[in-house]
Each structure stands twice: as C-alpha cells, then as structure tokens.
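S.K.: Pasting a structure below so you can have a look.
Every number in this text was worked out from the coordinates using simple rules, so none of it is lab data. Note that the coordinates shown come from a computational prediction; the quantities given were computed from them, not determined experimentally. Here the Cβ positions follow ideal geometry from the backbone for every residue, glycine too, while neighbour counts run over all protein chains shown.
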Amino acid sequence: MQVETKRLKPTAFQPFTLTLTIETREQFTDLSSLFSYYQTIPGVACSVFNERYQRMQDLLMKINDALDNEDQY
C-alpha cells in the first residue's frame, strides 16, 4: 500500500472526499473491529472527555454504522 501527500495550495483547510475501498472479507472484518472502538476513545486518548474526543467518537461511529449497514457477516 502506498500513501502519498502533496501540498498544492497554501496552508488552509480544503474540503475533500475520502473513499475506502474494501476488497476482502478480512479487510471488512478488520475495519469493522477497528471502528467499533469509538466508544473507548475518551478513555484511551485522554482522561478528560472533551469536544475533540466527542468529534472523534462521532466520526468513528458514522464509519462503524456505514460498515454495519453493509451486512457482510
């Protein structure tokens, strides 16, 4: 797997699309397991629950729900 980044514009946030392509059952199972940890983020990342970790939880929960909707088990 290769991951490359290249800054094309000055430092400023530019919206973009991120696409995950899952090609095997193993990838699906691994990603489902990984993103299911969203409930434990505050305890793992910081002892204090704050807005940043809430946003992280929300993001991972959305990905986890999208994977659950695929019903690949």
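S.K.: Mind listing the phi-derived Karplus ³J(HN,Hα) values for segment 25-36, rounded to whole Hz, using 6.51, -1.76 and 1.60 with θ = phi - 60°, and x for any glycine or proline?
M.R.: Rounded to whole hertz, the list is 4, 5, 4, 4, 5, 5, 5, 4, 5, 4, 6, 6.
S.K.: At a 10 Å Cβ-Cβ cut-off, how would you order Phe13, Phe28, Phe35, fewest neighbours first? Show your work: numbers first, answer last.
M.R.: On the way: Phe13 5, Phe28 15, Phe35 18.
Fewest-to-most ranking of Phe13, Phe28, Phe35: Phe13, Phe28, Phe35.
S.K.: Further, regarding this structure: For the residue pair Lys62 and Ala12, what label-to-label distance in nm results when each label sits 7 Å from Cα along the Cα-to-beta-carbon direction?
M.R.: 2.3
S.K.: Could you tell me the calculated FRET efficiency between Thr21 and Asn50, based on Cβ-Cβ distance and R0 = 25 angstrom, to the nearest 0.05? Walk me through the numbers on the way to the answer.
M.R.: On the way: r = 33 Å, r/R0 = 1.32.
Using R0 = 25 Å, I get an efficiency of 0.15.
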